[in-house]
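To start, the structure itself, in structure tokens.
The values are calculated or read from the model by the stated rules, or taken from the named source; none is laboratory data. Remember, it's a predicted structure, so these values are computed and weren't measured experimentally. Cβ: placed from backbone, ideal geometry, glycine included. Neighbour counts: every protein chain shown. Side chains included, ligands, DNA and RNA excluded: accessible areas come from the protein's heavy atoms. Shrake-Rupley method; radii C 1.70, N 1.55, O 1.52, S 1.80 Å.
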Protein chains: 4
Amino acid sequence: MSVNSFGRMFRFTSWGESHGPALGAVVDGCPPGLALAEADIQPWLDRRRPGQSRFTTQRQEPDAVRILSGVYEGRTTGTPISLMIDNVDQRSRDYAEVARAYRPGHADYAYDAKYGLRDPRGGGRSSARETAARVAAGAVARLVIPEVRIRAWVSELGGDAATAFDDAEIDANPFFCPDAAAAARWEAMVDAARKAGSSLGAVVTCEAVGVPAGWGAPLYAKLDAELAGAMMSINAVKGVEIGDGFAAARLSGESNADAMRPGPDGQPVFASNHAGGIAGGIATGQPVRLRVAFKPTSSILTPVDTVTPAGDATQIATRGRHDPCVGIRGVPVVEAMMALVLADQKLLHRAQTGR
Amino acid sequence: MSVNSFGRMFRFTSWGESHGPALGAVVDGCPPGLALAEADIQPWLDRRRPGQSRFTTQRQEPDAVRILSGVYEGRTTGTPISLMIDNVDQRSRDYAEVARAYRPGHADYAYDAKYGLRDPRGGGRSSARETAARVAAGAVARLVIPEVRIRAWVSELGGDAATAFDDAEIDANPFFCPDAAAAARWEAMVDAARKAGSSLGAVVTCEAVGVPAGWGAPLYAKLDAELAGAMMSINAVKGVEIGDGFAAARLSGESNADAMRPGPDGQPVFASNHAGGIAGGIATGQPVRLRVAFKPTSSILTPVDTVTPAGDATQIATRGRHDPCVGIRGVPVVEAMMALVLADQKLLHRAQTGR
Amino acid sequence: MSVNSFGRMFRFTSWGESHGPALGAVVDGCPPGLALAEADIQPWLDRRRPGQSRFTTQRQEPDAVRILSGVYEGRTTGTPISLMIDNVDQRSRDYAEVARAYRPGHADYAYDAKYGLRDPRGGGRSSARETAARVAAGAVARLVIPEVRIRAWVSELGGDAATAFDDAEIDANPFFCPDAAAAARWEAMVDAARKAGSSLGAVVTCEAVGVPAGWGAPLYAKLDAELAGAMMSINAVKGVEIGDGFAAARLSGESNADAMRPGPDGQPVFASNHAGGIAGGIATGQPVRLRVAFKPTSSILTPVDTVTPAGDATQIATRGRHDPCVGIRGVPVVEAMMALVLADQKLLHRAQTGR
Amino acid sequence: MSVNSFGRMFRFTSWGESHGPALGAVVDGCPPGLALAEADIQPWLDRRRPGQSRFTTQRQEPDAVRILSGVYEGRTTGTPISLMIDNVDQRSRDYAEVARAYRPGHADYAYDAKYGLRDPRGGGRSSARETAARVAAGAVARLVIPEVRIRAWVSELGGDAATAFDDAEIDANPFFCPDAAAAARWEAMVDAARKAGSSLGAVVTCEAVGVPAGWGAPLYAKLDAELAGAMMSINAVKGVEIGDGFAAARLSGESNADAMRPGPDGQPVFASNHAGGIAGGIATGQPVRLRVAFKPTSSILTPVDTVTPAGDATQIATRGRHDPCVGIRGVPVVEAMMALVLADQKLLHRAQTGR
């Protein structure tokens, strides 16, 4: 079963563990003839790369991607694109503790319950390091959907919401925060959490502008269902909202209605976007908008009660090198999953409709 | 592409429109030798059936299911189980209006944008009537997972939350509400909304007890990712939370940790369940718990601005027969999707592990 | 697992047993806007229908197809097309013998070994009656590929090969034989086999003209691999050849080469078609040509040694109503599978290439 | 679309071109806890390796496999197993000719027709070099099915059939021929063909002993259908027969019947195996037996008429380094595909039946 593959038409398979020699992704179904080089992928990986500020893990990984197949003379050939990233800075000694006891909030116990064994080095396959493969594949997906502009940001951190929105600000602070004042507050919050051996959660908002009306597919490949599954597959994600999400459950029918008016080019203009750009699982042409909740990092210095694989009581404090707020580095991953879903749906749409 | 199929191992394909002659589901991958008769399915359909109280649509459908294949002498044979439900009370005359203009919040415009044509009778394929097929397939799925008990309820309606929890109360009021006092308040709220030509949203909570630790599958078939996709594929759903969901994004790492203690049978006992019974995409053995947000019914009597297929401005008020709060009848559908995901993951788990 | 589904983009799921109330197919992924009515499907079912000559089974089935979904005002809507055919002439009393002992050459023993139980009435799910669902789905597939003309015929029966080829003759005799003289010989052969309580095998040849160069998909969805799997899934098929097939294994490299010359429209003209129109799994624009071997009907009156489900020695002579040569009615099924594979590959091709 | 993936439960994705830096396979769905090291894979690759006798291509490739993920302390972890093989001896200068004109019998023209561009170096993705990835993945598959013994051999070369069968002889000559006398004849034949700038075809027979009755899955994942698709996906294969194959089409029903007698362990004993161990798509417990036809190598020194990409007439003689008979090195590939299909069906069987 391809449980490590994602997508229907534009499909990638990821492989690799946190402390193995490398990790990678194989992208299948990419249209031929697209200009593609490592330089098209590397900037996205660099955005996600660890060790860039004191607010993310201090593991130092260059995350240099290599294209091993599927490209000839700078163009995609339509055959599988194999992307590989070497692991460089593996300090497995940090993880003897992980083998000794189950870390609450991590997959340690669940993997043992499922497989009867696990790779404890850095969480093995369950590590967020795997998201580098997603970002690499997502960079290829972006080339398939040049009509779409995707943008994600941290809209809330530790319960404190950004209130201003300045697109230029997002890449100007280490929090992908569109609100400079909020970013300043978050700096203090994250510093305090780290010093306290604690961690913080976050909410990431993502928007895709330019998605043509008609992409998406009823009923079990609905655009919103695919996005929800995609986002929930990211490490530490516990909630997904499309458009107004849970707030919509508190609106009246008429307040929630996105009224339409005739538009200049024959397409309707919407008065609002409560729906997040999706109706009946199909894009309406409005911006596709969603929100993703990241729990606080489970790896904390504060000791927590737990058990050993043998079933004995103990406590664990996770030393290693960790992000005090995994939601921050979730931003490029959320964007990548958005790109992957949209590229997939574009190809699926043209398969059935010829458009 | 099987966009109308759901599941990997225990897989069903649904078909049918709101006002066609019938609708149905074909279930593939069901284990052989299970006792199965129409009487095992009908009670779940009856729970979802319209026309049972004044708080749901007045369309009268017996929703009588027939098993057309896959069962011999009362036992499943391992071959496809074809389930069919005739449509009886189709009043297509109610829907001339639907053909005339796009209903905001419905799939009308999106289907036209995608396919270039649509069946306007009752919303055609995009109608929530299709969820009868899910409930029928879900009833078969329940037989595959006798170790699991699934329970869903409306935990919030129109922004008003149930605060008490009495399991016996859930089926004792027309709102699947576990809190008798809340049910009484909601009765007045729904009556008022209907009279005002308006509608209300709701939040449904679902819990599955008895899911063995180990079910689930990293990375792109994570139990939580599958559940999120499944729930978001239900009509009118706009948000999904696993465990604490968005609230977890506001907790500190140590508050969110589900500490473990040695248990009597060698399995750990958890001090809390912020995670909703899933870690790293794999069940921990705790109850699997999620919340689903339903938007208010888009079909309302209050006129809303919209456009015609020709692009002209108009208004639409949706007469027909509609649920004033679709979340209520969403309860058996949420349960069915939970059963379908868990049956699927059980078979996937034993394929790989032999257990 | 969708083991009862076929196709990647244009995909159908079949259901039903020989002696159940009905059988059917759900077609998913069909492009919208195609004109489709029962009358587009019925003629193909009529070609396959039993009881039309003394050379096929005397079971009388009208095989009247009904379209239950996916069509509105005579056009496909892009949603699932549910096709149903009622079973009418089930004489289950003929099959007490089948329950008593395993019929050699049939799936009886294998189904019991797999599932622990089976539906013995007419072979249940393993009956060739299921091929009616394929022919119905194949009729829809033909509408997706109007550029292609598919033709199959019996090229060999009981070891006696047709030597002449007259397209008009194929539908003029009960053997789908393109050679009138051979058809006359076969009439005597089949009569003799039936009277002797025996049966005969056959080879069916199929050709698809008009397949555009480029359809097909390396590496595991190669056009020839898909066709081989499709044909081998038909009841009683034991061999598949593409182009020259096994004869190619006896040619020298230069004899087997299909030399190319410049053609009038910029596309090459081939001097021969040893390859059967496929190179590297992709269509070359030549006719796609294959041959399919059908074993002799396993249901024969001549008693054969066998065992009972309890493991006792016995003999079985299969009375019932059977085709003395199943290959004959295999012709419309081979055509249907060809159409299904080509429709699927057309959609897959345009998904990736946009053409 | 995963057109470069194979299998349903035990699934691998292959990537890489003939003259890229490397090629590989990602195996997903492998059961956890199996002992696995490079040394379990390398011997199978060595059997397939080029340059081992003058009867295969003189390209020198060590084909050293590396395991990059999915194994921890010598055991599979249940996560994706990434296998990589570096390309070492790429002489791309040999292939300027390939870029200049389409080689008849190769995928050159078809790839251009499909994708609008192609990697001409060594045939790019269409090269038989990709089969190294299959052999590597197949070596892992063998570990999943220890109850099965798989053996393939060349049973016919250039139209000359082996008549004796000595298992020990198969690996004792460069032709995988079980008949020493035939091997001696073939040596002369292949030498003569090479000197003449020609090539030869072959037939490979494969047998799997120990496949339990019940593996396989009606209807579109039939064991024989899966095998037929798998074998036809191998480069240069043009025909597949299960059991007696085309010869069965010339037998009478009673001659073709595999009569059964009670066996010592409650399972039936069969008097013959015309069916090749499969009935109704499901294994009967007899040896699974099939035959595969390989066309003669298309790369020959004898000039053949062809066209250039611009559409001009020319001739091509393929110099490079080629196998004079690709069927020989097809033997380990056929075995690998048999192992991959059986491992897949084993997991699929236990998913549905729990056995």
Going through the stretch B:106-117 one residue at a time, which ones are open to solvent by 30 Å² or more (accessible area, probe 1.4 Å), within 19 Å of A:Gln286 (Cβ to Cβ) and either of a type in the set (Ser, Thr, Tyr) or within 7 Å of another protein chain (Cβ to nearest Cβ) (or both)? B:His106
The residue that is most open to solvent (accessible area, probe 1.4 Å), considering only those in the stretch D:269-326 that are of a type in the set (Lys, Arg) and in contact with a strand residue (DSSP E or B) (Cβ under 7 Å, 6 or more places away or on another chain), is D:Arg289
Can you tell me how many residues in the stretch B:281-299 are small (Gly, Ala, Ser) and either out of contact with any helix residue (DSSP H, G or I) (no Cβ under 9 Å at 6 or more places or on another chain) or not in a loop (DSSP other than H, G, I, E, B) (or both)? 2
Name the residues in the stretch A:32-47 that are surrounded by 20 or more Cβ atoms within 10 Å (Cβ to Cβ) and either among the hydroxyl-bearing types (Ser, Thr, Tyr) or farther than 18 Å from A:Trp15 by Cα (or both), would you? A:Pro32, A:Leu36, A:Trp44
Tell me, which residue of the stretch C:61-105 that is open to solvent by less than 20 Å² (accessible area, probe 1.4 Å), hydrophobic (A, V, I, L, M, F, W, C) and more than 30 Å from D:Ala283 (Cβ to Cβ) is farthest from the chain's Cα centre (by Cα)? C:Leu68
What single numbered condition from (1) surrounded by 24 or more Cβ atoms within 10 Å (Cβ to Cβ); (2) within 7 Å of chain C (Cβ to nearest Cβ); (3) closer than 30 Å to C:Ser127 by Cα fails to hold for D:Met231? (2)
Select from the stretch D:9-25 the residues that are assigned to a loop (DSSP other than H, G, I, E, B) and within 7 Å of chain A (Cβ to nearest Cβ) and write down the one among them that is surrounded by the fewest Cβ atoms within 10 Å (Cβ to Cβ). D:Pro21
Pick from the stretch B:158-172, criterion open to solvent by less than 30 Å² (accessible area, probe 1.4 Å) and more than 19 Å from B:Ala236 (Cα to Cα), ranking: nearest to the chain's Cα centre (by Cα): B:Ile170
Subset of the stretch A:45-67 [outside any loop (DSSP other than H, G, I, E, B) and more than 18 Å from A:Val331 (Cα to Cα)]: A:Val65, A:Arg66, A:Ile67
Would you check if there is a residue in the stretch B:173-188 being under 23 Å from the mean Cα position of the chain (by Cα), among the small types (Gly, Ala, Ser), over 19 Å from A:Ser252 (Cα atoms) and open to solvent by 60 Å² or more (accessible area, probe 1.4 Å)? no
Do we find that C:Glu38 is modelled with pLDDT of 95 or more and over 19 Å from the mean Cα position of the chain (by Cα) in this structure? yes
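Within the stretch B:82-105, work out how many residues are more than 14 Å from chain A (Cβ to nearest Cβ) and in contact with a helix residue (DSSP H, G or I) (Cβ under 6 Å, 6 or more places away or on another chain).
Within the stretch B:82-105, residues that are more than 14 Å from chain A (Cβ to nearest Cβ) and in contact with a helix residue (DSSP H, G or I) (Cβ under 6 Å, 6 or more places away or on another chain) number 4.
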B:Ala213: part of a loop (DSSP other than H, G, I, E, B), among the aliphatic types (A, V, I, L, M) and surrounded by fewer than 21 Cβ atoms within 10 Å (Cβ to Cβ), yes or no? yes
From the list B:Ser199, B:Ser155, exactly one residue is within 14 Å of another protein chain (Cβ to nearest Cβ), within 22 Å of the chain's Cα centre (by Cα) and open to solvent by less than 10 Å² (accessible area, probe 1.4 Å). Which is it? B:Ser199
Do we have any residue at all in the stretch C:65-87 that's at pLDDT below 95 and in contact with a His (Cβ under 7 Å, 6 or more places away or on another chain)? yes
Which residues, taken from the stretch C:123-143, are away from chain D (no Cβ under 13 Å) and open to solvent by 10 Å² or more (accessible area, probe 1.4 Å)? C:Arg142, C:Leu143
Can you name every residue in the stretch D:300-325 that is under 28 Å from the mean Cα position of the chain (by Cα), assigned to a loop (DSSP other than H, G, I, E, B) and modelled with pLDDT of 90 or more? D:Ile300, D:Leu301, D:Thr302, D:Ala317, D:Pro324, D:Cys325
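Could you please let me know if D:Glu226 is assigned to a helix (DSSP H, G or I), at pLDDT 95 or above and in contact with a helix residue (DSSP H, G or I) (Cβ under 7 Å, 6 or more places away or on another chain)?
Details: assigned to a helix (DSSP H, G or I): yes; at pLDDT 95 or above: yes; in contact with a helix residue (DSSP H, G or I) (Cβ under 7 Å, 6 or more places away or on another chain): yes.
Considered against the rule, which asks whether it is assigned to a helix (DSSP H, G or I), at pLDDT 95 or above and in contact with a helix residue (DSSP H, G or I) (Cβ under 7 Å, 6 or more places away or on another chain), D:Glu226 comes out as yes.
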Out of all the residues in the stretch B:248-278, which are closer than 19 Å to A:Pro324 by Cβ and touching a Phe, Trp or Tyr at 6+ places or on another chain (Cβ under 9 Å)? B:Ala248, B:Ala249
Hey, among the residues in the stretch A:26-53 that are at positive phi and without any contact (Cβ under 8 Å) to a residue 60 or more places away in the chain, which one's nearest to the other protein chains (Cβ to nearest Cβ)? A:Gly33
Among the residues of the stretch A:246-268, is any more than 19 Å from B:Ala101 (Cα to Cα), open to solvent by less than 40 Å² (accessible area, probe 1.4 Å) and assigned to a loop (DSSP other than H, G, I, E, B)? no
Criterion (within 29 Å of D:Ala317 (Cα to Cα) and in contact with a Leu (Cβ under 6 Å, 6 or more places away or on another chain)) met by exactly one of C:Gly281, C:Gly285, C:Gly243, C:Gly253: C:Gly281
